[in-house]
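Q: Okay, handing you the structure first.
The values are calculated or read from the model by the stated rules, or taken from the named source; none is laboratory data. In this text the structure is predicted, and so the values were computed from the model without any measurement. Positions of Cβ are backbone-derived with ideal geometry, glycine not excepted, and every protein chain shown enters the neighbour counts.
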Amino acid sequence: MKKTRKIKNILCIILATLFLVACQVENDNYAGDTLSVPEDTLSSSDVAKADGPETKDASSSNQENDMTKTIKPDHPYGAGVFSWDHLPDDEDIQCLVSNNITEIYQYIKPEYSDEEIVSFLGRMSDKGIDVYILDGEPTWSYQENLRYAEAVIDRIAYINNYVSKRERILGVVYDIEPYVLDKWHSTPQLIMDEYIENIKALRDKIERRSYNIEMCVCVPYSFDLMGYQEHLHSLIDSSDQVLVLNYNKANEIEDIRTEMEMAYELGKRIVTVYELQPGLLSQTNNSVTYYKDGLGAIKTSYDNMLSAYEGKKLGIAYHTMDCLKILSERQ
């Protein structure tokens, strides 16, 4: 009897000890001061959350982030959006996620602080959206104004030194459009020559400084139709990818054929851009913008283009974010 009772006592002690150990381990797991995660894998908001116990709201936010990361884009070669007016707010971000946007071309106003930009980069990174800085003026076609275009890539390189690897700005999108200059009507060839030299100089600077950022340019669908095929080839060759402002709804597939063939030859990605702004409805007899047609019509158009250029890197982009949000709300 004594032997049996002794064995039972020993078993009770062992079980009690195991219970106490398990409780201590559980407490340690929830102790905020023992959490250790490499900072370079976190956004600034994530680092702040790691300093204390996780709240119910934070847990829900993390679950939401995990859900958005599992969304598979409907676009096989990515989808972008132009954002000129402001940094995306919560409603804008929801619009980007619901439309499976994979990259944003964001204009950075001079008054934005570094802190605002870093916060924006963290929010985009949390949603798995690549960031390109969008900028450009027609006058940047002139050699005397090259410094303004250079300043954009210098600032990108500066910001990238202060954020984690996953939050870095991926590249620059130059929307320069020399054909809207007043002098274009009298000396288009000279302007194009100067513009191309500037683009080559920017490419050279990026490589010489080892900035490790992509350089992208916007081009109209009509450069080849104007007789500037050699200039167009130089633009595509100097860029990592080209965004074609394919604003002619009646002939979208053919209007982009020359650009597509050149890009395929050079191993580059082409992005076909859809105009969504309503201001062009009256001036162009609805031949340019999809504001009235809606996102369904864009999907049909893009699917047809993918079929026509099967196997070629043809991405899609929307101009602009504000209009994409309006059209999304109509669905």
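Q: Of everything in segment 183-204, what is hydrophobic (A, V, I, L, M, F, W, C) and in contact (Cβ under 8 Å) with a residue 12 or more places away in the chain? Give them in sequence order.
A: Within segment 183-204, 191, 192, 196, 199, 201, 202 qualify.
Q: Looking at segment 85-103, which of its residues are over 15 Å from residue 328 (Cβ atoms) and either surrounded by 15 or more Cβ atoms within 10 Å (Cβ to Cβ) or of a type in the set (D, E, K, R) (or both)?
A: Listed by number, the residues that qualify are 85, 87, 102, 103.
Q: Take the conditions in a helix (DSSP H, G or I), touching a strand residue (DSSP E or B) at 6+ places or on another chain (Cβ under 7 Å) and not acidic (Asp, Glu) and apply them to residue 156. Does it pass?
A: For residue 156, the condition - in a helix (DSSP H, G or I), touching a strand residue (DSSP E or B) at 6+ places or on another chain (Cβ under 7 Å) and not acidic (Asp, Glu) - is met.
Q: Out of all the residues in segment 162-175, is one or more surrounded by fewer than 16 Cβ atoms within 10 Å (Cβ to Cβ) and at pLDDT below 95?
A: Within segment 162-175 (the criterion being surrounded by fewer than 16 Cβ atoms within 10 Å (Cβ to Cβ) and at pLDDT below 95), the answer is yes, since at least one residue qualifies.
Q: Let me ask something else about it. Across segment 186-245, which residue is farthest from residue 149 (Cα to Cα) among those that are acidic (Asp, Glu) and either part of a helix (DSSP H, G or I) or outside the structural domain of residue 274 (by TED's automatic domain parsing) (or both)?
A: By that ranking, first place goes to 230.
Q: Output the residues belonging to segment 182-206 that are farther than 17 Å from residue 236 by Cβ and of a type outside the set (Phe, Trp, Tyr).
A: 182, 183, 185, 186, 187, 188, 189, 190, 191, 194, 205
Q: Restricting attention to segment 258-296, which residues are among the β-branched types (Val, Ile, Thr), more than 24 Å from the chain's Cα centre (by Cα) and closer than 14 Å to residue 309 by Cα?
A: 258
Q: A further question on this structure: Evaluate the following for residue 248: is it among the polar types (S, T, N, Q) and assigned to a helix (DSSP H, G or I)?
A: The answer is no for residue 248.
Q: So for segment 272-284 (the condition being β-branched (Val, Ile, Thr), part of a helix (DSSP H, G or I) and surrounded by fewer than 15 Cβ atoms within 10 Å (Cβ to Cβ)), does at least one residue qualify?
A: yes
Yes/no matrix, rows are residues, columns are (1) closer than 18 Å to residue 155 by Cβ; (2) part of a loop (DSSP other than H, G, I, E, B); (3) at pLDDT 95 or above:
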| residue | (1), (2), (3) |
| --- | --- |
| 62 | no, no, no |
| 66 | no, no, no |
| 80 | no, no, yes |
| 95 | no, no, yes |
| 106 | yes, no, yes |
| 116 | yes, no, yes |
| 122 | yes, no, yes |
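Q: Another one. Looking only at segment 133-152, which residues are under 16 Å from residue 169 (Cβ atoms) and in a helix (DSSP H, G or I)?
A: 149, 150, 151, 152
Q: Here's another thing I want to ask about it. Just checking, which of 219, 242, 173, 180 is within 24 Å of residue 132 (Cα to Cα), free of Cβ contacts under 8 Å to residues at least 60 places away in the same chain and within 17 Å of the chain's Cα centre (by Cα)?
A: One residue alone meets the criteria, 242.
Q: Considering only residues that are in contact with a helix residue (DSSP H, G or I) (Cβ under 6 Å, 6 or more places away or on another chain) and of a type in the set (Val, Ile, Thr), which ones fall in segment 166-205?
A: Of everything in segment 166-205, those that are in contact with a helix residue (DSSP H, G or I) (Cβ under 6 Å, 6 or more places away or on another chain) and of a type in the set (Val, Ile, Thr) turn out to be 169, 172, 176, 180, 191, 196, 199.
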